Each structure stands twice: as structure tokens, then as C-alpha cells.
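A quick write-up on the structure given underneath.
The values are calculated or read from the model by the stated rules, or taken from the named source; none is laboratory data. None of the values given here were measured: they were computed from a predicted structure. Counting neighbours? That spans all protein chains shown, and the Cβs are built from the backbone with ideal geometry, glycine included.
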Amino acid sequence: MGLRNWLKKELRVAGHVLTASLHDRVDGMEAMLHRVQQQNNDLTNQQRAVSSDLLEQNTHIANTQTALLQATIHLIEAMRKSQADIANAEARILAMVRDHAATKADVRRFYGEILELTREVQETLDANLDILNCVQGTISARFDAETSRETTAAPLPRHSGA
């Protein structure tokens, strides 16, 4: 019986050692799993923040493009109207000259109208050009600011030449 009791005792000791080692390993795996889950949560939060920033930037770009399109449409419509007004005034002058019914005063008056319309067209073009330049400057400034913010937020890793 001595051998039997000794064998039982040794098997119990070996069983306790194996069980303790197994428990330690499971505890280590649970700790590692918790760290991985935390890192996953952190990455998910970062992804949401980046997505939100991108959505905001895209919205701003879409609004800017809409403003540019509206300004361009307004500019083209104003140019067409002004060109039509100038063409009408020139046609009236030519008709009067052709009919020899126009007096010098009439020709001067219509010439003055043409000059006034030409000045208005130039002012409209200058104003719309100023608007477009302002919008372009705003877009450029925003783009530069966003680019510099992204550059300073995530600096590139340096490569050692060794």
C-alpha cells in the first residue's frame, strides 16, 4: 500500500501543478483579449472621428462648389443680357444712320447709351470676378488649413540613414 499511497500523492501534486499552470495561462489569455478589445474600441472611436471630419469637409466643399456654380451662372446671365443690350443699341444706331434720319444729337445719345451699357457690363464683370476671387481665396485658405492640420496631426515617421 505504500506504493499506492505514494502514487496517489504524486498524482495529486502533479494535478495541482497542471491545474495552476492552466489557470495562469487562461488568465493571461483573458488579459490579452481585454487589451485587444480596448484597442479595437479605440480604433473604432478614431474611425468615427475621422469619418465625421471627412463628412464635414465634404459638406463644406459641396457648399463652396454650389456657390461657385451660382456665381458663374449669374455672371454668364449678366454677360448675355449686356451683350444683347449692346447689340440692340448698335442695331438702332446703324438703322438710324442707314435711314439718314438720325441727327447728330440722336447719334451722340445712342453712343452714350452704348458707352453706359459697356461700363455697366465691365462693372458687373469686375464685381463677379472679385466674388469668384474671394471664393477661390476662401477655398484655398480652407484647403491649406486642412492640409496643414492633417500634416501636423500625424507626422511622418523619420527614417534613420544608418
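Might you check whether a residue that is out of contact with any Pro (no Cβ under 6 Å at 6 or more places or on another chain), closer than 30 Å to Asp144 by Cβ and not acidic (Asp, Glu) occurs anywhere in the range 25-44? Within the range 25-44, one or more residues are out of contact with any Pro (no Cβ under 6 Å at 6 or more places or on another chain), closer than 30 Å to Asp144 by Cβ and not acidic (Asp, Glu). For Ile114, the requirement of being in contact (Cβ under 8 Å) with a residue 24 or more places away in the chain and more than 43 Å from the chain's Cα centre (by Cα) is met. Suppose we filter Ala91, Ala78, Ala84, Ala95 for residues that are touching a residue at least 12 places away in the same chain (Cβ under 8 Å), farther than 29 Å from Arg149 by Cα and aliphatic (A, V, I, L, M); which single one remains? Sole residue among the options that is touching a residue at least 12 places away in the same chain (Cβ under 8 Å), farther than 29 Å from Arg149 by Cα and aliphatic (A, V, I, L, M): Ala78.
Counting residues in the range 32-49 that are of a type in the set (A, V, I, L, M), within 30 Å of Arg142 (Cα to Cα) and modelled with pLDDT of 90 or more gives one or more.
State whether one or more residues within the range 42-60 are surrounded by 10 or more Cβ atoms within 10 Å (Cβ to Cβ), charged (D, E, K, R) and over 32 Å from the mean Cα position of the chain (by Cα). Looking for residues that are surrounded by 10 or more Cβ atoms within 10 Å (Cβ to Cβ), charged (D, E, K, R) and over 32 Å from the mean Cα position of the chain (by Cα), one finds none in the range 42-60, hence no.
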